[in-house]
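Before any comments, here is the structure.
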Amino acid sequence: MEKLKVINPIQYFTTVGEEIEDILSSNEISMDSFLSSMKWNDKELKSIMKISKSEAKKIEDFISVGEISSYILNFQNDYKSSKESAENTYKDNLKIYKKLEHLLPLLRNEFSDGIDVLEDISNFLGIDEESEILDKVKENIALYKISNFVPDDLNLYAWLRRGELDFFQKKLELYNKGLFTEWLERKEWKNNLTNLEYISQLPKILETYGVALVYTPYLEKTVFGAVRWFENRPLVQVSDKGKCLATFWYTLFHEFGHVIKHENDEIFEGQADLSKSSINKKEKEANSFAYDYLFNGDNLRKYLFGQRNKSVQEDFIHDMSARFGVNKMFVAFWMKKARIRSWTTKDYMPPFQIK
Ligand SMILES: [Zn+2]
């Protein structure tokens with residue numbers, strides 16, 4: 001049977017019928033004779049949720065245990081009030097579940113021990129009390145110093161949580177900045193910019209240098225990427241916001257820039273445009289790091305912004321690529337930002353999606 005999204009706790013409570021069944025069996029009274037004396041032959045005792053005062057009296061006469069009728073009626077009243085509060089909890093939990101349901105893909109198949117899917121999700125989030133999930137998430141996100149955008153707290157919390165879980169599943173060497181820098185400088189990645197197989201291998205490659213690279217699908221109102229540090233190792237987490245391969249590489253090298261230049265800093269990239277000039281010193285440093293590696297410096301970007309809003313011929317992109325020594329995908333990336341129009345720009349903007 002498929003697991004229930006949210007379990008109604010009332011199903012764990014004993015009904016009055018079940019309780020009577022217990023009384024019968026502990027007094028060794030035959031069920032059949034009881035049912036026929038009550039004229040309940042067509043009923044299943046378990047499924048009886050309510051009995052009347054006169055029925056309770058009849059039961060007492062039949063079983064001949066003193067006070068049993070008032071015991072049964074009290075039991076029935078307790079059940080009724082438990083049922084009400086169970087129904088309320090159930091309704092509340094359903095509402096919470098609806099707010100969390102879209103996070104299910106982030107659980108992968110790692111969280112399945114819960115009694116219902118809601119508990120699986122709260123296990124993933126690491127928050128025990130389901131009714132407290134939204135408050136706890138808010139508190140937690142407030143601890144991060146995010147100044148450059150307003151995130152969706154729940155989505156960002158879940159996205160970051162997936163990153164942490166992946167970090168701790170990795171077999172990471174100690175972080176070795178020297179070896180990581182050497183790898184960046186060797187530029188094998190440069191021959192593999194559109195090689196999706198290579199991109200999927202990158203996290204494995206970087207484990208050797210103690211760099212945890214994690215890909216997590218984008219969630220609404222979260223980030224392009226983030227850098228955090230655990231156990232003296234960087235966790236570089238990248239999303240597929242924009243579903244664009246050039247954006248992915250740009251984000252990746254921007255984050256690598258933070259790793260190399262801003263050790264132990266927590267960084268969350270929520271800006272719609274990482275290239276905005278209104279950003280702080282650290283962001284500029286991370287940008288220029290990415291520019292040097294991916295765009296051969298900042299001349300291409302400056303040139304293209306000088307040509308803003310123009311329409312150009314098909315060969316423009318090839319000319320720019322040759323002139324500035326930059327991959328056509330990145331020429332197209334900046335042309336789009338500078339709103340330079342050409343029929344072929346789209347052909348040089350491969351899509352990118354994290355599964
Ligand atoms: Zn940044």
*the chain, helix-only ellipticity at 222 nm - DSSP H runs n ≥ 4, -39,500 (n - 2.57), divided by all residues, nearest 500*: -16000 deg cm²/dmol
_Which residue, Pro234, Cys244, Ile340, has the largest displacement toward the positive end of the dipole of the chain when charges sit on each Cβ (Lys, Arg +1; Asp, Glu -1)?_
Ile340
_Label-reachable residues, the stretch 178-216, where backbone N falls under 13 Å from a point 7 Å from Glu263's Cα toward its Cβ_ = 178-181
*Tell me, in nm to one decimal, what length is gained between Met49 and Asn8 on full extension, where the rule is 0.36 nm per residue of separation less the Cα-Cα distance?*
13.1 nm
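Can you sort Thr181, Thr89, Thr222 so the residue with the fewest Cβ neighbours within 10 Å comes first? Mind showing how you got there, number by number?
Working: Thr181 13, Thr89 16, Thr222 26.
With the fewest neighbours first, Thr181, Thr89, Thr222 line up as Thr181, Thr89, Thr222.
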*asked:* Please list 3J(HN,Hα) in residue order for the stretch 60-72, calculated via the Karplus relation 6.51 cos²θ - 1.76 cosθ + 1.60 where θ = phi - 60°; whole Hz, with x for glycine and proline.
replied: 4, 4, 6, 6, 6, 10, x, 6, 5, 5, 6, 4, 5
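Under the 0.36 nm per residue contour assumption, what length would be gained going from the current alpha-carbon distance of Asp292 and Met1 to full extension?
Result: 99.2 nm gained on full extension.
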*asked:* Could you give each residue of the stretch 79-89 its phi-based ³J(HN,Hα) in whole Hz, using Karplus coefficients 6.51, -1.76, 1.60 with θ = phi - 60°, and x for Gly or Pro?
replied: 4, 4, 6, 4, 5, 4, 5, 5, 4, 5, 4
*So which trypsin sites (Lys or Arg not before Pro) in the stretch 276-315 end up in coil per DSSP with only 12 or fewer other C-beta atoms within 10 Å?*
Lys276, Arg308
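What ratio of Cα Rg to 2.2 N^0.38 Å holds for the chain? Mind showing how you got there, number by number?
Working: Rg = 31.3 Å, N = 355, 2.2 N^0.38 = 20.5 Å.
Compactness ratio reported: 1.53.
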*Backbone HN-Hα couplings from phi across the stretch 178-192 [Karplus 6.51/-1.76/1.60, Hz, Gly and Pro as x]*: x, 5, 4, 4, 4, 4, 4, 6, 5, 6, 4, 4, 5, 7, 10
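Would you mind computing Rg(Cα) / (2.2 N^0.38 Å) for the stretch 57-111, counting N as its residues?
Working: Rg = 21.0 Å, N = 55, 2.2 N^0.38 = 10.1 Å.
The reported ratio for this selection is 2.08.
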_Along the Cα→Cβ direction, 7 angstrom out, place labels at Gln353 and Phe168. What is the inter-label distance in nm?_
3.1
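What does the extension gain come out to for Glu185 and Arg308, with contour length at 0.36 nm per residue minus their alpha carbon separation? List each step's numbers first, then the result.
Details: separation 123, 0.36 × 123 = 44.28 nm, distance 3.23 nm.
So the chain would gain 41.1 nm between Glu185 and Arg308.
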*Values of log10 I(q)/I(0), in the order q = 0.13, 0.22, 0.25, 0.26 Å⁻¹, for the stretch 275-337 under a Debye, Cα-only, solvent-free model*: -0.35, -0.90, -1.10, -1.16
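I need the calculated FRET efficiency for the pair Ser82 and Glu129, taking r as the beta carbon distance and R₀ as 22 Å, to the nearest 0.05.
For R0 = 22 Å, the calculated efficiency reads 0.65.
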_Can you compute the modelled spin-label distance between Thr89 and Glu28, with each label point 7 Å from Cα toward Cβ, in nm?_
3.8
_For Val214, distant residues with modelled amide H under 5 Å away_ = Val236, Gln237, Val238
_Distance in nm between pseudo-label sites at Asp152 and Gln201 (7 Å out along the Cβ direction from Cα)_ = 3.5
*What percent does the relative contact order of the chain come to when contacts are Cα pairs within less than 8 Å and at least six residues apart?*
11
*Rg to Rh quotient for the stretch 153-295, alpha carbon positions, Kirkwood Rh*: 0.92
*With a Cα-only, solvent-free Debye model of the stretch 9-98, what are the log10 I(q)/I(0) values at q = 0.10, 0.26 Å⁻¹?*
-0.31, -1.38
_If you average the C-alpha positions of the stretch 224-275 and of the stretch 57-115 separately, how far apart do those two centres end up, in angstrom?_
47
*In square nanometres, what is the average projected area of the Cα convex hull of the stretch 22-171?*
14.5
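Laboratory data are not the source of any read-out in this text; all were calculated from the coordinates shown. Predicted model, so just to flag it, every value in this text is computed and none were measured. Glycine also receives a Cβ, built like all others from the backbone with ideal geometry; neighbour counts cover every protein chain displayed.
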